[in-house]
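In what follows, a single structure is set out as structure tokens and then discussed.
The values are calculated or read from the model by the stated rules, or taken from the named source; none is laboratory data. What you see is a predicted model, and the numbers here were worked out from it, not measured in a lab. Glycine also receives a Cβ, built like all others from the backbone with ideal geometry; neighbour counts cover every protein chain displayed.
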Amino acid sequence: MDPTPPRAGRPRLLLVGAGHAHLHLIRHRHRLEAADVTLVDPGSFWYSGRATGMLGAHHTAAEDRLDPTRLAAPFGVQALRGRLAHLDPEARIARLDDGRELDFSLLSLNLGSRTPCPARRTPGPLVWAVKPIPRLLALRHCLEQEFSRGLTPRLVVVGGGPSGVEVACQLRELARRHAARPEILLVTRGERLLEGAPAGAVRWLMRQLERREIRVRFGLNVTGHAAGGVTFATETNAWGEDSLQWLAADHVVHASGLAPPEVVERLGLPLIPGRGLAVEATLQSPGHPDIFAAGDCAAMLHHELPRLRIHGIRQAPVLLDNLAARLAGGPLTPYVPQRLALAILDLGAGQGLAIRGRRWWGGRLALAWKRRLDRRFLRQFRT
């Protein structure tokens, strides 16, 4: 569909990406009635809170996915399928990868994140990343086919943070549903899981992993893939390629952190290396007061935030206020990150682990709370 030009004399607000923050803006379109609003996104919105539960087959793909185009239409937001390729901030033109050019008066970027990982080698194990989320669905389908044929693949999960822990547990849950018993190994470069979490929570988690026969190895820095497995180095033996060691694997899932999408390097906007598009407390790009960014692609100048969806969700009302204020010529509001954020891990088998600062609790109640929060978040976009 060709983009509709903005009406004469009316500003155009261009929303690129359909993340948590932009979904909020769509639902509150009436606050932005002074502008024509266009959303550009390449496809579905996948809710990261249910992604690993989808891997473990507790959730279907439909339960984890929203169509931003269908969501946008009732609110008077024009939705275009496309992917941002370049930006001319001075001319205020966004160029899509199919050659289309869209002018804007105000621009908001909510581009999400990706999981960087070494390239696959052939021959070598199949390589997967936790983001983009559809890769987890593809992994699930691939493993279900292998399990149905009676295979017991060797599974290696790279990353000792929340994503790595959830993925390892959900792989065991998926295998249990198919009466399969694959080897599952969780490896991390750190000396403990869930860096910064309370010691009691980590001990509880380690007992959970032991019961599920998920092995854990610490101090391993995975450097690449090789025939039949992965290569790694350790702190005590990291002297170049001739010192690399090897682990057997048929599938390798990388969950060792998130990075901004590669396109941010081509937008001509200020960056914080490794973190993303630099933004002020008002979520504006420095030197570009009509360009905003939120969520995982954005990096606040004075706060280094972990890439948790809660920040994209909590930035959304501030982003809405500031876009409306920019249209009206009013004062802008700073985003003040909360000091403590609640994180709840879905460990499968009816177990969850909730952590907020130094407080934690694990078990069925934690998981029930998480699922209630997930349902509440998604319900506002399904009605």
TODO: Would you mind telling me which numbered condition in (1) out of contact with any Leu (no Cβ under 8 Å at 6 or more places or on another chain); (2) closer than 30 Å to ARG207 by Cβ; (3) free of Cβ contacts under 8 Å to residues at least 24 places away in the same chain LEU367 fails?
DONE: (1)
Task: Residue, surrounded by the fewest Cβ atoms within 10 Å (Cβ to Cβ), within the range 30-84, restricted to residues that are of a type in the set (D, E, K, R) and in a helix (DSSP H, G or I) - done: ARG70
Task: Check on VAL157, under 16 Å from THR52 (Cβ atoms) and in contact with a helix residue (DSSP H, G or I) (Cβ under 7 Å, 6 or more places away or on another chain) - done: yes
Task: Meets criteria (in a strand (DSSP E or B) and small (Gly, Ala, Ser)) for ALA94 - done: yes
TODO: Please work out if ASP88 is of a type outside the set (A, V, I, L, M, F, W, C) and either within 15 Å of GLN170 (Cβ to Cβ) or not assigned by TED's automatic domain parsing to the domain that holds LEU267 (or both).
DONE: no
Task: Residues of the range 117-138 satisfying the condition of being surrounded by fewer than 22 Cβ atoms within 10 Å (Cβ to Cβ) and over 17 Å from ALA51 (Cβ atoms) - done: PRO118, ALA119, ARG120, ARG121, THR122, PRO123, GLY124, LEU126, VAL127
- [ ] Keeping to the range 284-340, report how many residues are more than 30 Å from ARG50 (Cβ to Cβ) and among the aliphatic types (A, V, I, L, M).
- [x] 7
Open item on the list: For the condition surrounded by 17 or more Cβ atoms within 10 Å (Cβ to Cβ) and either modelled with pLDDT under 95 or among the basic types (Lys, Arg) (or both), what is the one hit in PHE381, PHE377?
Closed with: PHE381
Open item on the list: Here is a list: LEU185, LEU171. Which entry is surrounded by 14 or more Cβ atoms within 10 Å (Cβ to Cβ), among the aliphatic types (A, V, I, L, M), in a helix (DSSP H, G or I) and modelled with pLDDT of 95 or more?
Closed with: LEU171
Open item on the list: Need the failing condition index for GLN338 against (1) out of contact with any Cys (no Cβ under 7 Å at 6 or more places or on another chain); (2) buried (at least 17 other Cβ atoms within 10 Å of the Cβ); (3) within 25 Å of LEU111 (Cβ to Cβ), just the number.
Closed with: (2)
Open item on the list: Among (1) of a type outside the set (Phe, Trp, Tyr); (2) touching a strand residue (DSSP E or B) at 6+ places or on another chain (Cβ under 8 Å); (3) without any contact (Cβ under 8 Å) to a residue 40 or more places away in the chain; (4) more than 29 Å from PRO123 (Cβ to Cβ), there is one condition VAL165 misses while meeting the rest; what is its number?
Closed with: (3)
Task: Check on ARG10, surrounded by fewer than 24 Cβ atoms within 10 Å (Cβ to Cβ), assigned to a loop (DSSP other than H, G, I, E, B) and of a type outside the set (Val, Ile, Thr) - done: yes
Open item on the list: Report every pair of residues separated by at least 6 positions or lying on different chains whose Cβ atoms are under 8 Å apart, first residue within the range 296-320 and surrounded by fewer than 16 Cβ atoms within 10 Å (Cβ to Cβ), second at pLDDT 90 or above and among the small types (Gly, Ala, Ser).
Closed with: LEU301/ALA278; LEU301/ALA281; HIS302/ALA281
Open item on the list: Please determine whether any residue of the range 208-221 is in contact with a Phe, Trp or Tyr (Cβ under 9 Å, 6 or more places away or on another chain), hydrophobic (A, V, I, L, M, F, W, C), on the phi < 0 side of the Ramachandran plot and not in a loop (DSSP other than H, G, I, E, B).
Closed with: no
